[in-house]
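The values are calculated or read from the model by the stated rules, or taken from the named source; none is laboratory data. Since this is a predicted model, take the numbers as computed values, not measurements. All Cβ positions, glycine included, derive from the backbone under ideal geometry; neighbour counts span all protein chains shown.
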């Protein structure tokens, strides 16, 4: 029998990524009048829904970086780290499959209208629905002038700092000694924090902040026709920017929150 914590992490990550990728797909493929804040708000609301649904059984980590931070700073059982991360990747991959099935015709029409060949140079314009790229392609092929705006180091720092702020919110809001914490409204508060962070950082890196959210859909897009584009557009950025930087950022954010709320004020 599948443990409830495992099923909860799969379900919660699925809900989060389904809503998030879905709103990006409507903006890119359907040219919906959706701005950056609306996209960020849907990600935030999706996270709140996922936490309310699954927090009881798994704590609603929904993010490998957060799971690792909980294992380091909150005595989360280290033997469950692989299971949590596997569940998160499964949920994110299934969400990418669902979004592809929902929007594939629209994505194909968008590519045809904009003379984009899936899997060829420039197809990051549509691949961005699944994985992330820097700078944010905004539904267009990245040009050299675009790449000059955001260096690899800029992108690293953005994902590090963005995830640091997210972890600071998660660990700060749930700290035992934080008497001003949001209590039962913690899922809403964390969703608001994510919305705010994405609004600031998404123009730089699309604001991944979550290795499962990025890598699982990125792998799916490679399988679904984009080939090596998801892993070559930003060089090794898929690893350094979207996996390593968020993990380091989450550890630093959790450390800061623990320092702030490690004991009551005298």
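Tabulated data
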item: Within region 125-149, considering residues that are out of contact with any helix residue (DSSP H, G or I) (no Cβ under 6 Å at 6 or more places or on another chain) and assigned to a helix (DSSP H, G or I), the one nearest to residue 93 (Cα to Cα); result: 125
item: Options 203, 187, 182, 230: the member that is in contact with a helix residue (DSSP H, G or I) (Cβ under 9 Å, 6 or more places away or on another chain) and without any contact (Cβ under 8 Å) to a residue 12 or more places away in the chain; result: 182
item: Inter-residue pairs, beta-carbon under 8 Å, first on the phi < 0 side of the Ramachandran plot and touching a residue at least 24 places away in the same chain (Cβ under 8 Å) and in region 76-98, second part of a loop (DSSP other than H, G, I, E, B) and surrounded by 16 or more Cβ atoms within 10 Å (Cβ to Cβ), 6+ apart; result: 84/61; 88/61; 88/62; 88/63; 91/62; 96/130
item: Counted residues, region 22-43 - those being under 18 Å from residue 193 (Cβ atoms), surrounded by fewer than 24 Cβ atoms within 10 Å (Cβ to Cβ) and in contact (Cβ under 8 Å) with a residue 60 or more places away in the chain; result: 5
item: Test: residue 216 is closer than 28 Å to residue 116 by Cα, touching a residue at least 40 places away in the same chain (Cβ under 8 Å) and touching a helix residue (DSSP H, G or I) at 6+ places or on another chain (Cβ under 8 Å); result: yes
item: Hey, residue 124 exposed (fewer than 15 other Cβ atoms within 10 Å of the Cβ) and over 15 Å from residue 202 (Cα atoms) or not; result: no
item: Unique residue being closer than 30 Å to residue 168 by Cβ and more than 20 Å from the chain's Cα centre (by Cα) when the list is 76, 70, 89; result: 76
item: Residue match in region 72-80 (condition: over 28 Å from residue 199 (Cβ atoms) and crowded, with 17+ Cβ neighbours inside 10 Å); result: yes
item: Residue in region 75-114 that is nearest to residue 139 (Cα to Cα), counting only those that are outside any helix (DSSP H, G or I) and modelled with pLDDT of 95 or more; result: 114
item: Test: residue in region 153-164 that is modelled with pLDDT under 95 and surrounded by fewer than 16 Cβ atoms within 10 Å (Cβ to Cβ); result: no
item: Residue check, residue 165 free of Cβ contacts under 8 Å to residues at least 12 places away in the same chain and out of contact with any strand residue (DSSP E or B) (no Cβ under 8 Å at 6 or more places or on another chain); result: no
item: Out of 235, 225, 208, sole residue that is over 27 Å from residue 258 (Cα atoms), in contact (Cβ under 8 Å) with a residue 60 or more places away in the chain and assigned to a loop (DSSP other than H, G, I, E, B); result: 235
